[in-house]
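Beneath this line is the structure, given in structure tokens, with notes to follow.
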């Protein structure tokens, strides 16, 4: 794991107009193409990924690849997942 820089600028992913404590996810873009993620309820637990993996994830979200996690009956296996 990489050391987390102390001078990161965290961006909160919350619905527009929501100022409360969340829980929300926060993201920060650091040096050396690292991306940091944390939850407002546990800000010391930070997950680190790379810029290219973050971009692949966000493109997957935009393409609907994770929509099955929002279904009313709970998460369902992705239709293209290996069994």
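The values are calculated or read from the model by the stated rules, or taken from the named source; none is laboratory data. Remember, predicted model here, so these are calculated numbers, not experimental data. Note that each Cβ is placed from the backbone with ideal geometry, even for glycine, and that neighbours are counted across all protein chains shown.
Summary of computed values
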read-out: Residue within the stretch 45-62 that is assigned to a loop (DSSP other than H, G, I, E, B) and either free of Cβ contacts under 8 Å to residues at least 12 places away in the same chain or surrounded by 10 or more Cβ atoms within 10 Å (Cβ to Cβ) (or both) present; value: no
read-out: Matching residues, the stretch 27-43, being out of contact with any strand residue (DSSP E or B) (no Cβ under 8 Å at 6 or more places or on another chain) and closer than 13 Å to residue 8 by Cβ; value: 31, 32
read-out: Count - residues of the stretch 23-44 that are closer than 14 Å to residue 3 by Cα and buried (at least 16 other Cβ atoms within 10 Å of the Cβ); value: 6
read-out: Output for the stretch 63-74, where each listed residue is surrounded by fewer than 11 Cβ atoms within 10 Å (Cβ to Cβ) and part of a loop (DSSP other than H, G, I, E, B); value: 63, 64, 71, 72, 73, 74
read-out: Any hit, the stretch 55-75, residues being touching a helix residue (DSSP H, G or I) at 6+ places or on another chain (Cβ under 6 Å) and modelled with pLDDT of 95 or more; value: no
read-out: Qualifying residue in the stretch 3-16 (condition: at pLDDT 90 or above, in contact with a helix residue (DSSP H, G or I) (Cβ under 7 Å, 6 or more places away or on another chain) and surrounded by fewer than 14 Cβ atoms within 10 Å (Cβ to Cβ)); value: yes
